[in-house]
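Undergrad: One structure is given below, represented as structure tokens, and several questions about it will come after.
Any read-out appearing in this document is the output of simple, stated calculations on the displayed coordinates, not a laboratory observation. Because the structure is a prediction, the values reported are computed rather than measured. Using ideal geometry, Cβ is built from the backbone for each residue, glycine included, and neighbour counts are taken over all protein chains shown.
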Amino acid sequence: MDFENEFSENTHGGSMENETKEFPTLESGVAAVQQDLSVWRDQHRDERALVLVAGPTASGKMTFVSRFVGDQKYTFLNLDRYYLGAEEQLRRYGKVNFSPPSALDTERINHDVEKILAAKPGETVSVPVYSMKESRRTGEEDIEIQDVIILKGLYTIDQVKHDTPFKIYIDAPEDTLLARKLKRDVEERGMTADVVRSRFEQNVRPAIRDYVSPQKNTAHYLIQNAES
């Protein structure tokens, strides 16, 4: 199987669905989406809101989610839970690369999203538990469902099939991405700086260009996050 091209048609085939709103800072983007979500919820009281947050690694997606949620009781699902483990990637593709879309279990993602959207507030849905240090799925756990569902991941806009007016892309310069990734992966994931730099050049940078960045074409919000 062609590991790099498995998702190319889906990634590059989209066209601009709606006018994209652009914001120069994370704070301005957070405020705008919060306001738009409030208006939408007033107009769609019987519907569950689905918010998709995509963007390159270390762009600040989790920071956006934290500031966006604040003290609200929302359901949050990190699509990092859906990575295929190293052994499974070797079995399927003959090599290990966590950067392209095919490194994630898209079928399970959409299965779980539909279950989440069908569940009533207060009910629970089982989702995978994934260990970044062990590079494998380690089990399952239940998450409680609320009226607002937030999904975060590299390819959330492309991989989640359920439509929503809240497709958000968080962006940052590539040198900023590398600096943040070095700090995170060395401190939190036990990698060496040389390994992080090598993987960024060989895997991450090409994936950003070929798969991640094209999601801007179908995002409703494009938010810059160049903060150091």
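Undergrad: Does region 148-219 come out rounded, prolate or oblate by the C-alpha gyration tensor, with a ≥ b ≥ c the root eigenvalues, rounded set by a/c under 1.5 and, if not, prolate when a/b is larger than b/c and oblate if not?
TA: It comes out prolate by the Cα gyration axes.
Undergrad: Count neighbours as other Cβ atoms within 10 Å of each site's Cβ, and list the GluC sites (Glu not before Pro) in region 125-207 that are DSSP loop with at most 14 such neighbours.
TA: Hits after loop and neighbour filter: Glu134.
Undergrad: So what is the calculated 222 nm ellipticity per residue for the chain, using -39500 (n - 2.57) for each DSSP H run with n of 4 or more, over all residues, to the nearest 500 deg cm²/dmol?
TA: -10500 deg cm²/dmol
Undergrad: Further question: Short version: ³J(HN,Hα) in whole Hz for each residue of region 96-113, in order, from phi by Karplus 6.51 cos²θ - 1.76 cosθ + 1.60 (θ = phi - 60°), x for Gly and Pro, what are they?
TA: For region 96-113, the Karplus curve yields 10, 7, 8, 8, x, x, 5, 7, 10, 8, 5, 4, 5, 4, 6, 4, 5, 4 Hz.
Undergrad: Have a look at Met191, Gly94, Asn78 and report the one farthest towards the positive end of the charge dipole of the chain, computed about the Cα centre with Cβ charges (Lys/Arg +1, Asp/Glu -1).
TA: Met191
Undergrad: Using only alpha carbon pairs under 8 Å that are at least six residues apart, calculate the relative contact order of region 45-224 and give it in whole percent.
TA: Computed value for region 45-224: 34 percent relative contact order.
Undergrad: For the chain, with a Gaussian network of springs between Cα atoms less than 10 Å apart, report the residue from Leu104, Leu52, Leu90 with the top mean-square fluctuation.
TA: In this elastic network of the chain, the residue with the biggest mean-square fluctuation among Leu104, Leu52, Leu90 is Leu90.
Undergrad: Between Rg and the Kirkwood Rh of the chain, both from Cα atoms, what is the Rg to Rh ratio?
TA: With Rg and the Kirkwood Rh in hand, the quotient comes to 0.94.
Undergrad: Report the Cα centroid-to-centroid distance between region 96-165 and region 16-54 in angstrom, as an integer.
TA: Between the Cα centre of region 96-165 and that of region 16-54, the gap is 20 Å.
Undergrad: Treating only the Cβ of Lys, Arg, Asp and Glu as charged (+1, +1, -1, -1), what charge dipole size does region 45-224 show about its Cα centre? Round to the nearest 20 debye.
TA: It comes to approximately 440 debye.
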